[in-house]
Amino acid sequence: MNKPLLLAWVAAIIATLGSLYFSEVMHFIPCTLCWYQRIFMYPLTVILGIAFYRNDQGIYRYVLPISIIGMLISGYHTLLQKLPYLQQFEMCTTGVPCSKDYINWLGFITIPLLAFIAFTVITVSLILIARSQRS
């Protein structure tokens, strides 16, 4: 069993189900940056699941760029919410502002931070897989 690949897949599942819970159960309307994060996270649930089932050790070649881009978007989104100075560069011009905090657990845990953590777990797991392939 490939534990890093399983960890990456579980992180993608939790992130996907979490975002669906926030929008479909809690009725939080996703902002533009949230949609971009979903675009990068949702396919990972399926792709990593298939890779785990097939024990595909080369999956990092395809998934790592997707995960890194998602991590950058969610990192920027987190900074946008936490640093008032960055709000002047906010990309969301219609609908829900990207700087809006639907949740703010413990004073710093927001939805984009949760996505950032998930993308980071996936990225680190894939880097571990890549390193094991090179040795």
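Each reported figure results from applying straightforward, stated rules to the coordinates on display, with no laboratory input. Quick caveat, the model's predicted, so the values are computed rather than measured. Please note: Cβ atoms are built from the backbone with ideal geometry, for glycine as well, and neighbour counts cover all protein chains shown.
A few notes on this one:
- This model, with +1 at the C-beta of Lys and Arg and -1 at the C-beta of Asp and Glu, gives the chain a dipole about its Cα centre of some 420 debye.
- Rg/Rh (Cα only; Kirkwood hydrodynamic radius) as it applies to segment 3-134: 1.01
- Unit Cα scatterers, Debye sum, segment 56-121: log10 I(q)/I(0) for q = 0.13, 0.16 Å⁻¹: -0.42, -0.59
- Likely footprinting exposure, ILE129, ILE39, fewest C-beta neighbours within 10 Å first: ILE39, ILE129
- Helical content of the chain, expressed as a calculated mean residue ellipticity at 222 nm, amounts to -22500 deg cm²/dmol (DSSP H runs of 4 or more residues, -39,500 (n - 2.57) each, divided by residue number, nearest 500).
- Sparse packing (at most 12 other Cβ atoms within 10 Å of the Cβ) combined with a DSSP loop state is found for the following chymotrypsin sites (Phe, Trp or Tyr not before Pro) in segment 84-135: PHE108.
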